[in-house]
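To start, the structure under review is shown below, and the notes come after it.
The values are calculated or read from the model by the stated rules, or taken from the named source; none is laboratory data. Every value quoted in this text rests on a predicted model; they were computed, and no experiment measured them. In case anyone asks, the SASA skips ligands and DNA or RNA and just uses the protein heavy atoms, side chains included. Shrake-Rupley method; radii C 1.70, N 1.55, O 1.52, S 1.80 Å.
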Amino acid sequence: MNKNDLKKLVVEALEYYKGKANIVEICKFIWSKYNHKLADSGDLLYTWQYD
């Protein structure tokens, strides 16, 4: 996983929440589904929410 993949994950989260979600909901969604991939992505693990 790299920084370019994050846009797809945000879109996926917004689709899940039917187009309305705050940043915390989006981050929780991404973390709950992709924490293992983020953990294996090097520095992205520490910057994904900012990126």
Average accessible area per residue (Å²) across the chain - probe 1.4 Å, nucleic acids and ligands excluded = 77
Heavy-atom accessible area of the chain with neighbours in place, 1.4 angstrom probe: carbon+sulfur share in percent works out to 53
